[in-house]
Structures are given as structure tokens and as C-alpha cells.
Amino acid sequence: MTGTIEIKHLNKTFDDEFCAIEDLSLTIAAGEFVSIVGTSGCGKSTLLRTIAGLEAPTGGEILCGGKPVHGTSPDRGLMFQEHALFPWLTVRKNVIFALKASGRYGANGGSVGALLETAGLAEFADAYPHQLSGGMRQRAALIRSLAVSPDVLLLDEPLGALDSFTRMVLQDEIIRLWQARGNTMVLITHDVDEAIYLSNRIIVMAPRPGRIAEIIDVPMGYPRNRGTSDFADLRKRLLKRLDFAAEVEQEYYL
């Protein structure tokens, strides 16, 4: 089915020595929002890059929409912590460039104006990245990633460099765009509250080698309130599990 991700017994080793991921299996449903959390070095970014097709598995396989992942595809968008907008192009032209590079300008070119309007960037369409705030640059990068209509959008800590207030505003923006477009979303974050606020499920990874420690369902509807007891209980559970993951890493080095 379009937008599904099936990871089957994935292994990823670098330089024939360092095992970043070992025997990891996971299925993500079409349209689901999943966050991946874990201590540094647990293989989160390696997993995301392998789903994107930027890294090839050492063993196992990944299927997206039922098709094996071999290299990158416009069906799988990727957004990094740095906005990576071209500084010599305006916001509108950055979005158009992404469409043309993916070969989807003919089908989606007419939606650029509507997307910019949806994201509150219409009046900044002809502005250059250096003329925008950090939050607006990230919003433009998100729109650029969504413009090609990927079935899957992979987010590698896209809000990590922003201040807390701007981060919360953009979290709401991400939810709104996700619900409107129905993409499958996979987010890497170090922010426990962000994972709870955004996700249907949270994947907790343990390090060296990277593997799944626990999968936690988030049984709350949208919009979510960070001040509820359910939110606080889930935060405590997640922090406890992450402490366990940290202990696993410490024991590895003893």
C-alpha cells in the first residue's frame, strides 16, 4: 500500500566493524506519524538515511509501498535540521526547484501558491532565505519537502535548532499539514515532549548495536494538551525507558 514502510531484519555495518543497526524489524502504516527517540549513537539517523535510500543495508531489506528501497526517490522526502534552502533563490523558486528536480513540476507546479498560502508564507514568496526568521526558513523547507507530494516524509530533527516558542508553533504547523495531506511521517527527535505531542507511536532505540527497545503507543487524539495527566504519565514512562537505554550504553563501555 502506498506510504507503508516495512523494515525486515535490517542490519547496517560500517567499515566491516561498527554495527550501527542489528536485526531491526518494524512496520509503519500508511499515513501514520512515528517518532524515533534514543541516546546519541543508537542508529536513529542511520535508520532514517537507510529508509531514504541514502545508505544501503548490509543485511535485510526495506520496502516502501511494497517496493524494495534501492536509492533515493521523490516518493520519500527528507528534511534535515538545517533548512538547506538555496540562498540565491527566493522561497517560491526554492519550492519550484524541488518540483523540477523531482520531475513533478508539471503535475504539482500549480499548487506552489496554495502551499505557500497554507503555510503563511504567501507574502514572503519572493523573499530570500537570509530575509526570513529561523522558524520561517524551516517552514519554507517543510513546504519544499511537501511540494513534491511524497508518500513518506522523513524528518531528521528539523526543529532542533529553534527556540522553544517557535518550535511549538511549527509542531502545530507540521500536524496541520500532515493531517491535510495524509503523508506517512517519520521523525527523529531528542525532545520527549515533541515525540509525544506529534506521534501516533514512539520507537525507543537502544544503542550499540542499534535496536528497538520498546514501541510506545500514544493513545491521545489531536490537538493535544501538554498539561494533562495523560501527557505527563507518558513523559515519565518515556524518560524511564530512555534512562534504561542510556544504562545499556554505559554497560557496553564498562
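The values are calculated or read from the model by the stated rules, or taken from the named source; none is laboratory data. Predicted model only: the values in this text are computed from it and were never measured. Neighbour counts run over all protein chains shown; Cβ positions are idealised from the backbone, glycine included. Surface areas here come from the heavy atoms of the whole protein model, side chains and all, with no ligands, DNA or RNA. Shrake-Rupley method; radii C 1.70, N 1.55, O 1.52, S 1.80 Å.
Per DSSP H run of at least 4 residues, take -39500 (n - 2.57); add these up for the chain, divide by its residues and hand me the 222 nm value, nearest 500 deg cm²/dmol.
Theoretical 222 nm ellipticity from helices: -11500 deg cm²/dmol.
Quickly rank 31-41, 129-139, 150-160, 6-16 as a protection proxy: mean count of other C-beta atoms within 10 Å, highest first.
Final packing ranking: 150-160, 31-41, 129-139, 6-16.
Using modelled backbone amide H atoms (1.01 Å from N, in-plane), which distant-in-sequence or interchain residues come within less than 5 Å of residue 214's amide H?
Under 5 Å from the amide H of residue 214 lie the amide H atoms of 204, each far enough along the sequence or on another chain.
Hey, rough spin-label estimate for residue 104 and residue 225, points 7 angstrom out along Cα→Cβ, what's it come to in nanometres?
Computed distance between label sites residue 104 and residue 225 equals 3.7 nm.
Hey, what angle do you get for helix 229-253 against the long axis of the chain, alpha-carbon based, 0 to 90 degrees rounded to 10?
It is inclined by approximately 60 degrees.
Under a crude label model (7 Å from the Cα following the beta-carbon direction), how far is residue 122 from residue 9 in nanometres?
5.4
Quick check: at a probe of 1.4 Å, how many percent of the accessible area of the chain sits on carbon and sulfur atoms?
Exposed carbon and sulfur together represent 51 percent of the surface.
If you take every residue apart from residue 156 with its C-beta less than 12 Å away from the C-beta of residue 156, what net charge results, scoring Lys and Arg +1 and Asp and Glu -1?
Charge balance in the 12 Å sphere: 0.
How about region 84-158: which chymotrypsin sites (Phe, Trp or Tyr not before Pro) there are in a DSSP loop, with at most 15 other Cβ atoms within 10 Å of their Cβ?
Answer in residue order: 88.
Please give the net charge around residue 74, taking every other residue with its beta carbon less than 15 angstrom from that of residue 74, where Lys and Arg add +1 and Asp and Glu add -1.
Computed value for this residue: +4.
Calculate the spin-label point distance for residue 168 paired with residue 17, positioning each point 7 Å from the Cα along the beta-carbon direction, and give it in nanometres.
4.6
Could you tell me which of the pairs 8/44; 44/100; 12/44 are separated by over 18 angstrom between their Cα atoms in the structure shown?
The pairs that break the limit, which is 18 Å between Cα atoms, are 44/100.
Beyond 11 Å, what percent of the Cα pairs of region 159-209 remain?
The answer is 73 percent, as a whole percent.
Leaving out ligands and nucleic acids, note down the accessible area per residue over the chain with a 1.4 angstrom probe, in whole Å².
47
Taking amide H positions as placed 1.01 Å from N in the peptide plane, with prolines and chain starts having none, which residues 5 or more places from residue 78, or on another chain, fall under 5 Å of its amide H?
Here the answer is 154, since their amide H atoms fall under 5 Å of that of residue 78.
State, as an integer percentage, the relative contact order of region 41-98 based on alpha-carbon contacts under 8 Å between residues 6 or more apart.
Rounded, it is 25 percent for region 41-98.
Could you tell me the distance between the Cα centroids of region 1-17 and region 50-91, to the nearest Å?
Cα centroid of region 1-17 versus Cα centroid of region 50-91: 13 Å apart.
Apply the Karplus curve 6.51 cos²θ - 1.76 cosθ + 1.60, θ = phi - 60°, to the phi angles in region 172-181 and return the couplings in whole Hz, x for Gly and Pro.
5, 5, 4, 4, 4, 5, 4, 5, 6, 9
Kindly identify region 82-149 as rounded, prolate or oblate by the Cα gyration tensor criterion: order the square roots of the eigenvalues as a ≥ b ≥ c, call it rounded if a/c is under 1.5, otherwise compare a/b with b/c, prolate if a/b is larger, else oblate.
prolate
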